[in-house]
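In what follows, a structure is listed as structure tokens, so that the remarks can point back to it.
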Amino acid sequence: MADKKRMEENKEVTKKVENAQDNYVDERVKKVTQEAVDAINMVAKVIELLDKKEKDKALEEIANVLGKLEVLIARDPNLQVVPVDVKQSIVDFPGTVDDVEAAKAEVVALIKASEVQAARDIMLNLASELDIYVTALPIGTYPVVMKAIIPLIEQEKFEEAKKLLVEALETLVLEKIVIPLPILRAEQAIIRANELANKENPNKDELKELLAYAKEQLELGEALGYGKVEIDYKDLYVEISKLEKILEGEESTKDIFETLKEKLSGIMAKFNKPKAPTQMPKAEDKKEESK
């Protein structure tokens, strides 16, 4: 690891970053629909009833599932997926830009030496992000499956009905939202700087520290590969250079951080979107992974 250390984060910035992380997660949690959660739980209950060959109770529970799904579709006929669960995890590379570059060089050397797994272990740590995982119900699949198994249950073909239900449960999709912490920290540092800059008699040294911290975090985000250099970072560095010159002079600091704040918020909005959803791993796949 390089000897150079990261700049210390301002306490107010730390609070803002923590609040922003919570808000990103809460935003997704609020979209979880209770009817969809109930529908998933009811499907699991139907499978239990099929195991017990309790035909009438299974049919009654299916009617309840269809009722829940009809409520969701009635609210929004164009609905494709409905969130049913939200989880989060954080990975935060502790080093500096120099450490990142050293690690990347080591990865390249290891791959050239065919030490792929050793390189993989290093690569897994080269991240600084809040990951939000949203499990979603594909709303078009379930009503069709529920209606298809009714005649099977009527004919007491319980195993066939159960197989269809298990397959339906396996159609749940997983969406992942990646929030880069360096860019988030830079954004919140500039928001704090903007607050201070618009006060009477602002402390320019404190504003310089916040700007330097934001710049350091952006350089770290760039080194870790979050976003595209020409699209996402070039204008930011130009704006930071302008601000550095302003802070060295005697002119007013009022609203000088507005443009940079808006640019950072725009970049964060790009990241606050799910990547292409993937299907949840099937039960047999999970068994294979655990071997």
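Some notes on this structure:
- (1) 72, 71, 32; (2) 85, 54, 30; (3) 67, 49, 34, with the label sought being that of the calculated Cα extents along the principal axes in Å: (2)
- The distance between label points at N64 and K208 comes to 6.8 nm (points 7 Å beyond Cα on the Cα→Cβ vector).
- On segment 1-149, 51 percent of the accessible area sits on carbon and sulfur atoms, based on a 1.4 Å probe.
- I231 paired with D255, simple spin-label distance in nm, labels 7 Å along Cα-to-beta-carbon: 3.1
- Helix axis angle, 116-125 relative to the chain longest principal axis, alpha carbon, degrees: 70
- Less than 5 angstrom separates the built amide H of L130 from those of I179, L181, all sequence-distant by 5 or more or on a different chain.
- Residue-by-residue Karplus 3J(HN,Hα) for segment 39-56, coefficients 6.51, -1.76, 1.60, Hz, glycine and proline x: 4, 4, 5, 5, 4, 4, 5, 4, 4, 4, 5, 5, 4, 8, 6, 8, 4, 4
- Length gained on full extension, E48 to A74, computed as 0.36 nm times the residue gap minus the Cα-Cα distance: 6.5 nm.
- Each residue of segment 172-183 was assigned a 3J(HN,Hα) from its phi angle through the Karplus curve 6.51 cos²θ - 1.76 cosθ + 1.60 (θ = phi - 60°); the sequence is 4, 10, 10, 9, 10, 10, 10, 9, x, 5, x, 6 Hz, with glycine and proline shown as x.
- Expressed as a fraction of 2.2 N^0.38 Å, the C-alpha radius of gyration for segment 217-276 is 1.30.
- Probe 1.4 Å, all protein chains present, accessible-area order of Y237, Y142, largest first: Y237, Y142
- Total lysine pairs under 18 Å (Cα atoms) in segment 40-118, excluding pairs fewer than 8 apart on one chain: 6
- Accessible surface, 1.4 Å probe, highest first, among residues V46, V84: V84, V46
- Long-range HN-HN contacts of Q88 with modeled amide H, under 5 Å: Y133
- Segment 161-247, accessible surface, carbon-and-sulfur percent (1.4 angstrom probe): 50
- Under 5 Å between amide hydrogens, built in the peptide plane, is the criterion, and for V81 it picks out I139 among residues at least 5 positions away or on other chains.
- Karplus-derived HN-Hα couplings along segment 144-158 (A = 6.51, B = -1.76, C = 1.60, θ = phi - 60°), whole Hz, x at Gly and Pro: 5, 5, 4, 5, 5, 8, 4, x, 5, 5, 4, 8, 6, 8, 5
- Largest to smallest in accessible area, the residues L181, L174 fall in the order L174, L181 (1.4 Å probe, all protein chains included).
- Net +/- balance of residues flanking I139 in space, Cβ distance below 13 Å, scoring K and R +1, D and E -1: -1
- For the chain, the per residue solvent-accessible surface stands at 56 Å², with DNA, RNA and ligands left out and a 1.4 Å probe.
- Fully extending the segment from N272 to L124 would add 51.1 nm, taking 0.36 nm per residue of separation and subtracting the current Cα-Cα distance.
The values are calculated or read from the model by the stated rules, or taken from the named source; none is laboratory data. Because the structure is predicted, anything quoted here is derived from the model rather than measured. When we count neighbours, we look across all protein chains shown, and the Cβ atoms used for this are built from the backbone with ideal geometry, even at glycine. In case anyone asks, the SASA skips ligands and DNA or RNA and just uses the protein heavy atoms, side chains included. Shrake-Rupley method; radii C 1.70, N 1.55, O 1.52, S 1.80 Å.
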